[in-house]
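The values are calculated or read from the model by the stated rules, or taken from the named source; none is laboratory data. Only a predicted model underlies this, so the values are computations on that prediction, with no experimental measurement involved. Backbone-built Cβ (ideal geometry, glycine too); neighbour counts: all protein chains shown.
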Amino acid sequence: MLAIAGLLIILVVMFLIMTKKCSTMVALIGVPAIGCILVGQGANMGSYISSGISSVAATGVMFIFAVAFFGVMGDVGAFEIVVNKILKIIGKDPVKICVGTLIITIMTHLDGSGATTFLITVPALLPIYDKLKMDRRVLATIVAMGAGTMNIVPWGGPTVRAATALNVTLTELYNPMIVPQLCGLLTCLAISIMFGLKEKKRLGSSLDAIVIEPPKFEDLPAEEQAKRRPKLVVVNIVLIVLTIVALVTELLPPAGCFMVALCIALIINYGDLKEQGKRMDEHAEAAMMMASTLFGAGCFTGILSGCGMLTAMAEGLCNILPVSLMGHIAIIVAIFAMPLSLMFDPDSFYYAVLPVISVAAEAAGIPALAVGRAAISGQITVGFPISPLTPSTFLLTGLSGVDLGDHQKHSFIWLWIISLVIVAVAVIMGVIPI
């Protein structure tokens with residue numbers, strides 16, 4: 001009963017989001033709330049919601065202050081000088097920009113943190129895409145591909161969880177997946193080049209009309225001049241770099257990094273109290289819209305987890321698999337690992353589903369390690385940047401200004417292709433048995 005209810009809730013939420021029948025926030029809050037009542041746990045809904053919100057509270061606070069900070073940095077013109085320098089080097093070629101986006105994403109995701117990757121990559125590249133009128137969905141998809149494929153690294157959350165759940169070492173689990181992962185990254189590169197060529201064809205001659213040379217300060221509208229701080233550009237760039245360093249080195253919690261950085265940015269750029277208020281008012285709407293969606297996701301996962309739906313789905317998945325398929329369970333898990341990211345959060349899958357499947361697989365003569373490698377081929381690795389069950393997905397869509405449903409429709413097939421390439425290479429190498 002709970003498993004069916006959980007599955008229906010997820011399917012309805014995904015349908016409403018992708019068809020834009022209602023806002024993402026309304027779908028994430030309303031549908032599970034109704035489901036909670038229908039399964040007879042309405043009396044406990046408050047505690048479930050509180051638990052879910054608590055799990056994303058720190059990310060939500062970071063969200064609000066990060067959006068405000070990067071917004072202020074955009075107001076003062078800190079990004080413009082960086083954007084123009086990059087454009088001078090790579091020109092107006094969408095292919096080079098798409099490939100550069102992937103390379104930057106891969107480098108920034110070396111720490112295995114999706115939130116850090118998105119916070120560093122998207123604000124830096126979005127102005128370039130906007131200036132050349134490139135599709136923002138392309139930016140979100142390429143960043144998702146790079147971060148998702150890199151998330152297989154042994155210090156990434158899914159691989160650590162898989163090794164823990166199976167009681168094996170990280171090297172045993174991950175090392176045979178190095179070549180498949182590299183092939184996945186090469187697939188990302190091929191898809192990025194394809195996106196670049198499509199954008200180049202779509203934009204056509206309009207690229208010729210785009211001026212790379214930045215406009216002079218005196219030629220800007222009066223409203224823009226009032227916000228810009230050309231004499232403080234270097235100071236602001238240093239502030240951005242220091243904020244990112246503090247974020248990566250964990251000198252402060254992520255929320256703390258952006259809270260402090262925002263205060264410093266407002267003080268050095270806008271000493272007047274009224275002007276500080278104007279800057280905050282201008283960015284408050286975007287910050288709160290993104291944060292409200294994130295807290296909606298917390299409500300969604302809190303109810304599904306609190307009601308026991310995620311656990312029930314995990315057990316149900318294991319129970320419905322026919323005995324005849326157990327000899328092929330590794331390849332089945334591998335093929336559907338990426339789409340399963342839309343149904344299971346990392347803890348539910350790796351700590352509830354994976355151990356049960358691995359025991360059943362071993363009884364059928366399939367090593368548990370093979371099932372673990374099959375899982376990390378896509379489950380909350382390649383698939384995490386489109387999953388509504390991971391908070392960083394909303395960070396990616398929020399910073400890039402792309403609707404979650406549009407992002408999922410644009411990215412899903414490409415992410416699944418990358419996952420299947422990883423699986424195919426792993427099968428050829430004998431890492432995942434058929």
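Figures for the structure shown
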| item | result |
| --- | --- |
| Which listed residue, of 31, 13, 72, 56, is closer than 30 Å to residue 233 by Cβ and touching a helix residue (DSSP H, G or I) at 6+ places or on another chain (Cβ under 6 Å) | 72 |
| Meets criteria (among the polar types (S, T, N, Q), touching a helix residue (DSSP H, G or I) at 6+ places or on another chain (Cβ under 9 Å) and crowded, with 16+ Cβ neighbours inside 10 Å) for residue 113 | yes |
| Qualifying position, being surrounded by 15 or more Cβ atoms within 10 Å (Cβ to Cβ) and either at pLDDT below 85 or in contact with a strand residue (DSSP E or B) (Cβ under 7 Å, 6 or more places away or on another chain) (or both), among 228, 161 | 228 |
| Qualifying position, being under 25 Å from residue 5 (Cα atoms) and modelled with pLDDT of 85 or more, among 306, 372, 277, 316 | 306 |
| One residue from 334, 364 being buried (at least 16 other Cβ atoms within 10 Å of the Cβ) and out of contact with any strand residue (DSSP E or B) (no Cβ under 6 Å at 6 or more places or on another chain) | 334 |
| Count - residues of the range 1-12 that are surrounded by fewer than 22 Cβ atoms within 10 Å (Cβ to Cβ) and either in a helix (DSSP H, G or I) or assigned by TED's automatic domain parsing to the domain that holds residue 319 (or both) | 8 |
| Some residue of the range 408-429 being assigned to a loop (DSSP other than H, G, I, E, B) and either more than 13 Å from the chain's Cα centre (by Cα) or crowded, with 22+ Cβ neighbours inside 10 Å (or both) | yes |
| Candidates 153, 238, 143, filtered to the one that is at pLDDT 90 or above, β-branched (Val, Ile, Thr) and buried (at least 19 other Cβ atoms within 10 Å of the Cβ) | 143 |
| Candidates 325, 340, filtered to the one that is surrounded by fewer than 24 Cβ atoms within 10 Å (Cβ to Cβ), part of a helix (DSSP H, G or I) and without any contact (Cβ under 8 Å) to a residue 24 or more places away in the chain | 325 |
| Some residue of the range 346-354 being assigned to a helix (DSSP H, G or I), surrounded by fewer than 22 Cβ atoms within 10 Å (Cβ to Cβ), touching a Pro at 6+ places or on another chain (Cβ under 7 Å) and not acidic (Asp, Glu) | yes |
